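Below is one structure, written out as structure tokens; the observations come after it.
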Amino acid sequence: VSLLAAMDDGFIDENTTVDVGNGVWTYAKQRISDGHGGGTYEIADVLAKSSNVGSAKLITKFYADKPQVFLDHLRRWKMFDKLDIELPGVTKPYIVTPADKRWNAATLASLAYGYASRFNLLQLTTFYNGIANKGTMVKPIFIDKIMKDGQILHEAKPEIMVKKMASANAITMMTNAL
């Protein structure tokens with residue numbers, strides 16, 4: 001999620017590399033680690049290895065002095081909103097923001113790799129489906145139609161949540177990296 005923001009803002013591309021060292025990095029007194037080796041990673045490696053260190057280094061490098069720009073991407077992608085679907089039990093996501101008393105110097109780094117936030121799997125799937133759908137995020141449909149006595153009572157229509165998640169270039173880069 002976080003790397004798409006940096007791609008869309010033009011901070012990183014398919015040629016960007018990040019040195020994750022030995023897989024351990026301290027940022028704002030917070031120890032961040034990867035469960036695998038280290039070295040220099042390309043963006044595709046950061047994603048494939050789910051590198052906490054790589055994601056945190058990149059996001060803090062470009063957004064530390066402007067976390068609101070990063071958070072605005074999440075807002076645009078409806079990551080703050082509860083999915084309005086016909087299934088019970090869908091939870092509202094939670095993201096620590098600068099307005100939250102839990103925000104500190106290390107929070108942005110945590111957000112970069114999925115901590116300091118709570119998303120349900122359906123929300124993450126909807127996000128990645130939007131990338132696969134060339135940047136158009138569509139609301140999940142679980143009930144195609146409801147019929148009674150051969151008559152259609154309700155028929156679901158695709159509903160666009162986000163028409164353009166990011167630039168075509170950023171979507172292509174992310175698709176290729178994934």
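For N176 and R102, calculate 0.36 nm times their separation in residues minus their Cα-Cα distance, and state this gained length in nm to one decimal. Spell out each step's value before the answer.
Values: separation 74, 0.36 × 74 = 26.64 nm, distance 3.53 nm.
Length gained between N176 and R102: 23.1 nm.
Between L87 and E42, full extension at 0.36 nm per residue minus the direct alpha carbon distance yields a gain of 12.3 nm.
Quick one: accessible area per residue over the chain, 1.4 Å probe, rounded to a whole number of Å²? Can you show the working numbers first?
Numbers: 9930 Å² over 178 residues.
Accessible surface, normalised per residue, equals 56 Å².
Less than 14 Å from a label point 7 Å out along the Cα-to-Cβ axis of I143: which backbone N atoms in the range 72-99 qualify, by residue? Under 14 Å, as judged by backbone N against the label point of I143, lie 85-89 of the range 72-99. Among the protein heavy atoms of the chain, carbon and sulfur supply 51% of the accessible surface, probe 1.4 Å, non-protein parts ignored. Computed from label points 7 Å out along Cα-Cβ, the spacing between V69 and N15 is 2.1 nm.
Only Cα pairs under 8 Å and 6+ residues apart enter the sum, and on that basis the relative contact order of the range 1-149 stands at 21 percent.
As an exercise, use a Förster radius of 30 Å and the Cβ-Cβ distance of S33 and N169 to find the FRET efficiency, rounded to the nearest 0.05. The partial results should precede the final answer.
On the way: r = 32 Å, r/R0 = 1.07.
The value I calculate is 0.40.
Site-free segments of the chain were taken between chymotrypsin sites (Phe, Trp or Tyr not before Pro) in DSSP loops having at most 16 other Cβ atoms within 10 Å, sites themselves excluded; the longest one is 12-79. Largest GNM mean-square fluctuation among R76, R102, R118, using the chain with Cα springs under 10 Å: R102. Once each part is reduced to its C-alpha centroid, what is the distance from the range 91-118 to the range 15-90 in angstrom? Using only Cα atoms to place each centre, the spacing works out to 11 Å.
Would you please name the trypsin sites (Lys or Arg not before Pro) within the range 1-71 that are DSSP coil residues with at most 12 other C-beta atoms within 10 Å of their C-beta?
Numbers: sites: K29, R31, K49, K57, K61; in loops: K29, K49.
Of the trypsin sites (Lys or Arg not before Pro), the ones in loops of the range 1-71 whose Cβ has at most 12 other Cβ atoms within 10 Å are K29.
Full extension of the chain between L121 and H154 gives 9.2 nm of extra length, using 0.36 nm per residue less the Cα-Cα distance.
The values are calculated or read from the model by the stated rules, or taken from the named source; none is laboratory data. Every value quoted in this text rests on a predicted model; they were computed, and no experiment measured them. In this analysis, Cβ positions are derived from the backbone assuming ideal geometry, glycine residues included, and neighbour counts consider all displayed protein chains. SASA here: full protein model, heavy atoms, side chains in, ligands and nucleic acids out. Shrake-Rupley method; radii C 1.70, N 1.55, O 1.52, S 1.80 Å.
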